[in-house]
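The values are calculated or read from the model by the stated rules, or taken from the named source; none is laboratory data. Computed from a predicted model, the values in this text were never measured in an experiment. Note that each Cβ is placed from the backbone with ideal geometry, even for glycine, and that neighbours are counted across all protein chains shown. Keep in mind that these areas ignore ligands, DNA and RNA; they rest on the heavy atoms of the full protein, side chains included. Shrake-Rupley method; radii C 1.70, N 1.55, O 1.52, S 1.80 Å.
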Amino acid sequence: MSVVFDRLPEEKKKLVSQIRAAIMELDKDILEQVRPHRIVYSKGFAMRDFAELVLERGKVVLRTLSRNYTKTIEIRSAEDIEKALQEAKSALLFV
């Protein structure tokens, strides 16, 4: 995992691990790119990004990237993970 995410408290690290695993299970062609300040998800080797996991002011945030919009979801609990996954699935359809 990225150095930035390594500094998180254990409870947030657990949420990050859960969301990472759940996103990777959405499709067999998803690629995860761990960068110093974020984790980017794309579909296949076309490298069309559909989501990114970032820290914003100490909060874990999933940003879904679609053709017409970007949606930001703060991850604080397991319920937030479910909401974020629904948005990631929607964004994945447009890749």
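Over region 5-94, Cα pairs under 8 Å with separation of 6+ residues give a relative contact order of 21 percent. All other residues whose Cβ lies under 12 angstrom from that of Tyr69 are scored, Lys and Arg at +1 and Asp and Glu at -1, for a net of +2. When Lys and Arg each count +1 and Asp and Glu each count -1, what net charge do the other residues less than 15 Å away from Glu79, Cβ to Cβ, add up to? Net charge around Glu79: -2. Once both labels are positioned 7 Å from their Cα atoms along Cα-to-Cβ, the gap between Thr70 and Ala21 label points is 2.9 nm.
Computed across region 1-74, the Kirkwood radius stands at 12.7 Å (inverse of mean 1/r, all Cα pairs).
For the chain, the share of accessible area belonging to carbon and sulfur comes to 50 percent (1.4 Å probe, ligands and nucleic acids excluded). A dipole drawn for the chain from +1 and -1 charges on Cβ atoms has a positive end, and of Val34, Ser17, Ile75 the residue lying farthest that way is Val34.
Summing charges over neighbours of Ile39, with a neighbour being any other residue whose Cβ is under 10 Å away from its Cβ, gives +1 when K and R count +1 and D and E count -1. Couplings 3J(HN,Hα) for region 14-27, derived from phi with the Karplus relation 6.51 cos²θ - 1.76 cosθ + 1.60 (θ = phi - 60°), are 5, 4, 4, 4, 5, 5, 4, 5, 5, 5, 5, 7, 5, 7 Hz, where x marks Gly and Pro.
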